[in-house]
Amino acid sequence: MNTIAAISTAPGIGGIGIIRLSGEDCFKVLEKIFVQKKYQNIKDIKGYTIKYGNIVDGKEIIDEVLVSYFKSPNSYTSENMCEINSHGGIVIMNKILDLCLKSGAKLAEPGEFTKRAFLNGRMDLSQAEAVIDIINAKTDKEAKVSIEQLKGNLSEKIDKIRKMIISVMADIEASIDYPEYDLEEVTNARILNVLNDVDNLLDSLEKSFYNGKILREGISTAIIGRPNAGKSSLLNVILNEERAIVTDVEGTTRDTIEEFISIDGVPLKIIDTAGIRNANDEVEKIGVKKAKEIAEKSDIIIAIFDINKNLNEEDEQILKLLENRNAIIILNKVDLERKADLSKIMKLQKPIVKISTKTREGIDVLYREISKLFNLKEIAIDGETVVSNIRHKNIIINSRNNLNKARETIMNNMPIDIISTYLKEIIEELGKITGETVTEDVIAEIFSKFCLGK
């Protein structure tokens, strides 16, 4: 493979920037641009070694750097690798990358370093997918799930299931090859037992997706209410910063504001929406429509009401949106005199939290109610295999469908060799998780989601 190069650190200004190279000739490329302070032949430099020196363009010194050496097969990609640790200015990093490209490297594609690690057998496909999940993790729990997958937790489960199916297929082959021993009845009984065990394992993995999805995507949480009920103030209190504009002028929020917070290690995507009312302004009308659409699609609605004002037609529109939905009702401004008649709110039988966005009273209670609604404290991930990837979930569902067909075949006393067709499909499907039977198109799609330099 060609030697590839890319900037691995995030764009912007920082103390350190890293330019990464990988490939058989990466040390040859490096020697053209790197002058060691104390020269040592590449043959004598051990892997996991750092050398100090300068990156040069001819006789011009570009930067003072440290270079990490990783020799095949003991590297991230299993190829020869090096990482140039430069100062973290974008101009300097781009200059060094440009010198690498001029010296024989080619610009890496998104995710190409991890793709090479997969193609070279250092990790399977599910572990490679865990890498991008770790990078994108928004909470500790989400990161832990991804780290367990990177360690091979999911791969081990899938490998165990595939071996169980393969052993069953061996029994079927024996039954077909030696019909004189009348093994079919015994074989069928054993197959059913194994298939039931496999189904239990797959069922456990499929059910774990609920928790995995919550950890990966977060809980979509829409804050709705009529203008000036305190939606933006609530968002600011939750984030502990002045994220949204708060004024006495009604209709200030016309578009959505989205931010993530963490409750019990689970991400919540908080969406502040436009105040719901019968607007005359065309732009505000669009904002109100969007607010209602977001409320319909969200996992939970936080509906906020100003108890210092009587409920009106707009509040009743909001109450209708809460019917048959996960919702928490916020009664805001408890530090002021209560004027609202709460009878219509009480009829909904939704959790009610009294707060003051001015004094922060009741905010902890709101967090507890959200946690209780989704059993967030019950999401235990230490040492557990949690499926968080929709691709993996769909594969597991397809595998269970084929497993059920195999069981029906046995129950209907159909020829034993027909069962093999469905069992082969299960092995094929599960191999798509680890990458053993996946297509090039799927591989390309997965790694296209990675960032450059990873």
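The values are calculated or read from the model by the stated rules, or taken from the named source; none is laboratory data. Every value quoted in this text rests on a predicted model; they were computed, and no experiment measured them. Here Cβ is always computed from backbone atoms with ideal geometry, including for glycine, and neighbour counts include all displayed protein chains.
What the table shows:
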quantity	calculated
Pick from the stretch 334-359, criterion at pLDDT 85 or above and part of a loop (DSSP other than H, G, I, E, B), ranking: nearest to Ile370 (Cα to Cα)	Pro351
Qualifying residue in the stretch 208-227 (condition: in a loop (DSSP other than H, G, I, E, B) and modelled with pLDDT under 85)	yes
Residue within the stretch 25-46 that is out of contact with any Gly (no Cβ under 8 Å at 6 or more places or on another chain), part of a strand (DSSP E or B) and under 22 Å from Asn120 (Cβ atoms) present	no
Output for the stretch 60-86, where each listed residue is under 26 Å from Phe447 (Cβ atoms), of a type in the set (A, V, I, L, M, F, W, C) and free of Cβ contacts under 8 Å to residues at least 24 places away in the same chain	Phe70
Pair list, Cβ < 7 Å and 6+ apart or interchain, from the stretch 87-116 residues that are over 13 Å from Val65 (Cβ atoms) and assigned by TED's automatic domain parsing to the domain that holds Ala10 to residues that are part of a helix (DSSP H, G or I) and of a type in the set (Val, Ile, Thr)	Ser103/Val29; Ser103/Ile33; Gly104/Val29; Ala105/Val29; Thr114/Val131
Residue within the stretch 68-89 that is surrounded by 15 or more Cβ atoms within 10 Å (Cβ to Cβ), on the phi > 0 side of the Ramachandran plot and within 29 Å of the chain's Cα centre (by Cα) present	yes
Residue check, Ile33 at pLDDT below 95 and more than 35 Å from the chain's Cα centre (by Cα)	no
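Here is a yes/no grid of residues against (1) assigned to a helix (DSSP H, G or I); (2) among the β-branched types (Val, Ile, Thr); (3) crowded, with 17+ Cβ neighbours inside 10 Å; (4) at pLDDT 90 or above:
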residue: Arg368; (1), (2), (3), (4): yes, no, no, yes
residue: Lys377; (1), (2), (3), (4): yes, no, no, no
residue: Ala380; (1), (2), (3), (4): no, no, no, no
residue: Glu384; (1), (2), (3), (4): no, no, no, no
residue: Lys393; (1), (2), (3), (4): yes, no, yes, yes
residue: Leu403; (1), (2), (3), (4): yes, no, yes, yes
residue: Ile418; (1), (2), (3), (4): yes, yes, no, no
residue: Ile433; (1), (2), (3), (4): yes, yes, yes, yes
residue: Thr437; (1), (2), (3), (4): no, yes, no, yes
